[in-house]
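The structure appears right after this line, and notes come after that.
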Number of protein chains: 2
Amino acid sequence: MEREIRVGLCGCGVIGEGLVKALHEHADIIRARTGAPIRLTAAADKDPARLDLVRSHDTSVALLDDAFEIPKRDDVDIVVELIGGVEVADRLVREALQAKKHVVTANKALLAERGASLFALAETNGCDLYFEAAVAGAIPVIRVIRESLASDRFLSVRGIINGTSNYILSSMANEGAAFEEALKAAQEAGFAEADPTLDITGGDAGHKLALIAGLAFGAHVLPSQIPTEGIDQVDPRDIQYARNFGYVIRPLAVAQRVDSGALDLRVHPALVPQSDPLAHVDGALNAVAIQGEMVGPSFLSGLGAGAAPTATSVAGDIVDIARNLLAGAPMRTWYLPVEGEQRIQPLADLSSRYYLRFSVRDESGVLASLSGKLGNAGISIEKMVQDVESGAEGTATIAILTHRAREGDLRASLAAIDETHLTTAPTHLIRIVQ
Amino acid sequence: MEREIRVGLCGCGVIGEGLVKALHEHADIIRARTGAPIRLTAAADKDPARLDLVRSHDTSVALLDDAFEIPKRDDVDIVVELIGGVEVADRLVREALQAKKHVVTANKALLAERGASLFALAETNGCDLYFEAAVAGAIPVIRVIRESLASDRFLSVRGIINGTSNYILSSMANEGAAFEEALKAAQEAGFAEADPTLDITGGDAGHKLALIAGLAFGAHVLPSQIPTEGIDQVDPRDIQYARNFGYVIRPLAVAQRVDSGALDLRVHPALVPQSDPLAHVDGALNAVAIQGEMVGPSFLSGLGAGAAPTATSVAGDIVDIARNLLAGAPMRTWYLPVEGEQRIQPLADLSSRYYLRFSVRDESGVLASLSGKLGNAGISIEKMVQDVESGAEGTATIAILTHRAREGDLRASLAAIDETHLTTAPTHLIRIVQ
């Protein structure tokens, strides 16, 4: 009799429901491409309404209210963890691996915080632990990094990997909305959670970047080690000035090896030149731009969230594990950092170009004084615009693009300037990515 | 003792040399990520100078002048075929598979013409036959289609998959050069072969599209079945008119399922709107845009040719096969069309928007007469520009974008118009992609 690969689903929210639909509606395609049928045998959720949705797509599934029953079942080969959060998911994945079940998860927080120990547990138990959907939704960044580019030395990975942030910054740019307005519109359109904190502060992108840094640079990095700034400090004026200079502001995550050998890891809004493919990644799209020593520039974009796109990545992992099982060979792929502990470059040591917005008194000599002070600190100005209209009574705005500078030096100079009578509000800084 | 995976290289041209460098210089990375060392044990080429280059990178390789010696060697697990062409490569790959060697090839012509029989032979012999480098160089389109999107139903795959053509059309657009000039410059810059026929006629893209159609749509298609037009008919005026209408002309390959259930497959230059990511893929870059029922829009770009980028894809396949071997499980992946023979839509049945360039007599009433004739044939005009300056004495040019029309109807109408006294030269047609 033909072997069947059996899946147990923990968590039947929107992605879970998308997966149920995919496995059911695309069963013929999946069977032909896998070499055996893949069947959802059990699904668990605390919410009976969600289980009703599962039943509406596929009546053959055993429905349970306790996710911890799934790893115990004999009719489950692969456990799919879509419950989210860290503690409960951690316990569930451990129980699954200890029961010799293979695991697919979309849980970036879990893997960023506990990945090292979970991957080790998977290895001990001879099980696969796949997680394509944890980073950038439908974009196959995990598979591309660890399979397609397995022979290459990675130079940099830069990405727009939080769709909510990109949606908000895009609306601010396209409609001139302020941050709070754009956030509210994103929530109403279903592109931001009721509690959007993790998205807009950069925390979610930090989780994903920790996973990328592990795979691409062999670094064991915790999210807390990654300098992270959210998009909530971006002002509509910054977007306007950036546009006039030829740039778009995007929520970026950056991982790159710098000359000192350290890893430069950071999450923050950044000015992206119009000539960069990332500048054209609008709305809820995600994108990842990889530079490899051999491969050169490699660019991937697609939907970073949503039920069907994310479920596609989960289902791709299930098919991959199913092929491993049919071939009798789980554990084909490397998970763990191979290059050990690594030094993360402090932000003060970053060499970058910067966008600066000064609020100054509208008096003669201010600009000369300002550029003199920057010049004395070794900060050289590439472009500058002074805008007397936009400030409040008696003040003006000066927007500057700098040449490359060391961030520590620049911040010291800005702090000194903000202590003088020249500026009327703290100076605003946004990094430029090139 | 740790197992070692041993590679034999047939053909030491630029990609072969790139591979030798990669396997040697990145040996540590590859070993860590694969779980075992991968070593080039033998390399063959008829040209001693090329073997000298291999030796200059890695002195431990056995050098041979006959590629057919490689499959016979006991110290080779994976045969890499980089000799190109169809007949000799076909014989070599067959001998390798019959000798139970796994095979990696970058040979699109070979697989497009003989793939069905070669994949069957691989299956019979329990061997892997991988070919990521055969389509779009460094872009992981094969792996993404058959692994990441394995659960999805493909709606369309559109790509810029011939770097030479894109380089030429880009120079024509950026520098206003005529086709012959741009081709010559591309040859001088190393972006076009001495004999560029296969690239500029669309033949090379047709080979690649046949492979994509097989994987994405389960279709067994020979290159000769794909309607193919080269870029040599594109005139600098077309590029200029397209730009004024908001479009870029790109060399496209398209595979999509149409409403009738047939496959729409074609290779031709096309007008791409500025809002499409393919419009920004300039120069020698390649790109593939995939639409899936679940995944939505997925976009990949990167270098489509060149030694190091292409060698990265070859090396990625070698690592993948090495992982299969270490896990004791080759043959994890589907190769063959799973949906059997399929109907290819005749171009006459294509429903598309079109760009038309008419050369007409510079007389009053010509435009009204032309648009009347198009209207009578059910062809509706979206945008139009008449340009009295650009034609020769007494003639004018009319450029038109049509709404969606059936190509057969449009061509019949154009043929009728060209038979009247209205036009002074055959009307030029380029499809618009949306």
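Per the listing B:Asp317, B:Asp235, the residue uniquely charged (D, E, K, R) and more than 14 Å from chain A (Cβ to nearest Cβ) is B:Asp235. Of the strands (runs of 3 or more DSSP E) lying entirely inside segment B:59-130, those carrying at least 3 residues that are touching a Gly at 6+ places or on another chain (Cβ under 8 Å) and open to solvent by less than 30 Å² (accessible area, probe 1.4 Å) are B:78-81.
Report yes if some residue within segment A:167-177 is closer than 20 Å to A:Val314 by Cα, under 21 Å from the mean Cα position of the chain (by Cα) and assigned by TED's automatic domain parsing to the domain that holds A:Glu229; otherwise report no. Among the residues of segment A:167-177, not one is closer than 20 Å to A:Val314 by Cα, under 21 Å from the mean Cα position of the chain (by Cα) and assigned by TED's automatic domain parsing to the domain that holds A:Glu229, which makes the answer no.
Among the residues of segment A:354-368, the one identified as more than 38 Å from the chain's Cα centre (by Cα) and either at pLDDT 95 or above or open to solvent by less than 40 Å² (accessible area, probe 1.4 Å) (or both) is A:Val366. Please work out if B:Val288 is in contact with a helix residue (DSSP H, G or I) (Cβ under 9 Å, 6 or more places away or on another chain), facing another protein chain (nearest Cβ under 9 Å) and open to solvent by less than 40 Å² (accessible area, probe 1.4 Å). No; evaluated as a whole, the condition is false for this residue. Would a scan of segment B:268-278 turn up a residue that is surrounded by fewer than 24 Cβ atoms within 10 Å (Cβ to Cβ), under 25 Å from B:Thr105 (Cα atoms) and either of a type outside the set (S, T, N, Q) or more than 9 Å from chain A (Cβ to nearest Cβ) (or both)? Checked segment B:268-278: no residue is surrounded by fewer than 24 Cβ atoms within 10 Å (Cβ to Cβ), under 25 Å from B:Thr105 (Cα atoms) and either of a type outside the set (S, T, N, Q) or more than 9 Å from chain A (Cβ to nearest Cβ) (or both).
Here A:Glu147 passes the criteria (1) over 19 Å from A:Asn286 (Cβ atoms); (2) away from chain B (no Cβ under 11 Å) except the one numbered (2). Within segment A:390-412, one or more residues are among the acidic types (Asp, Glu) and open to solvent by less than 20 Å² (accessible area, probe 1.4 Å). Of the residues contained in segment A:238-245, none is found to be over 17 Å from the mean Cα position of the chain (by Cα), more than 19 Å from B:Leu300 (Cβ to Cβ) and within 14 Å of another protein chain (Cβ to nearest Cβ).
Scanning segment A:325-336 for residues that are assigned to a helix (DSSP H, G or I) and at the interface with chain B (Cβ under 7 Å from one of its Cβ atoms) turns up nothing.
On the stretch given as segment B:44-58, residues that are touching a Leu at 6+ places or on another chain (Cβ under 8 Å) and open to solvent by 30 Å² or more (accessible area, probe 1.4 Å) total 1.
In the set A:Gly246, A:Gly190, only one residue is surrounded by fewer than 24 Cβ atoms within 10 Å (Cβ to Cβ) and either under 19 Å from A:Ala284 (Cα atoms) or without any contact (Cβ under 8 Å) to a residue 12 or more places away in the chain (or both); that residue is A:Gly190. The set of residues from segment B:381-434 being closer than 25 Å to B:Leu265 by Cα, at pLDDT 95 or above and of a type outside the set (A, V, I, L, M, F, W, C) comprises B:Thr402, B:His403, B:Arg404, B:Arg406, B:Glu407, B:Gly408, B:Asp409, B:Arg411, B:Ser413, B:Thr427, B:His428, B:Arg431.
The set of residues in segment A:294-309 that are in a strand (DSSP E or B) and either more than 9 Å from chain B (Cβ to nearest Cβ) or over 10 Å from B:Ser298 (Cα atoms) (or both) comprises A:Gly296, A:Pro297, A:Ser298, A:Phe299.
Looking only at segment A:339-347, decide whether some residue is outside any loop (DSSP other than H, G, I, E, B) and touching a strand residue (DSSP E or B) at 6+ places or on another chain (Cβ under 8 Å). Yes - at least one qualifying residue is present in segment A:339-347. In the set (1) more than 21 Å from the chain's Cα centre (by Cα); (2) open to solvent by less than 10 Å² (accessible area, probe 1.4 Å); (3) facing chain A (nearest Cβ under 10 Å), B:Thr312 fails one condition alone, (1). Under the condition of being outside any helix (DSSP H, G or I) and among the acidic types (Asp, Glu), which residue from segment A:1-36 is most open to solvent (accessible area, probe 1.4 Å)? That would be A:Glu2.
Among residues of segment B:40-66 that are outside the structural domain of B:Ile83 (by TED's automatic domain parsing), none has a Cβ under 7 angstrom from a residue that is open to solvent by 40 Å² or more (accessible area, probe 1.4 Å) at a sequence gap of 6+ or on a separate chain.
The values are calculated or read from the model by the stated rules, or taken from the named source; none is laboratory data. The structure presented is a predicted model; accordingly, all values stated were derived computationally and were not measured. Neighbour counts run over all protein chains shown; Cβ positions are idealised from the backbone, glycine included. In case anyone asks, the SASA skips ligands and DNA or RNA and just uses the protein heavy atoms, side chains included. Shrake-Rupley method; radii C 1.70, N 1.55, O 1.52, S 1.80 Å.
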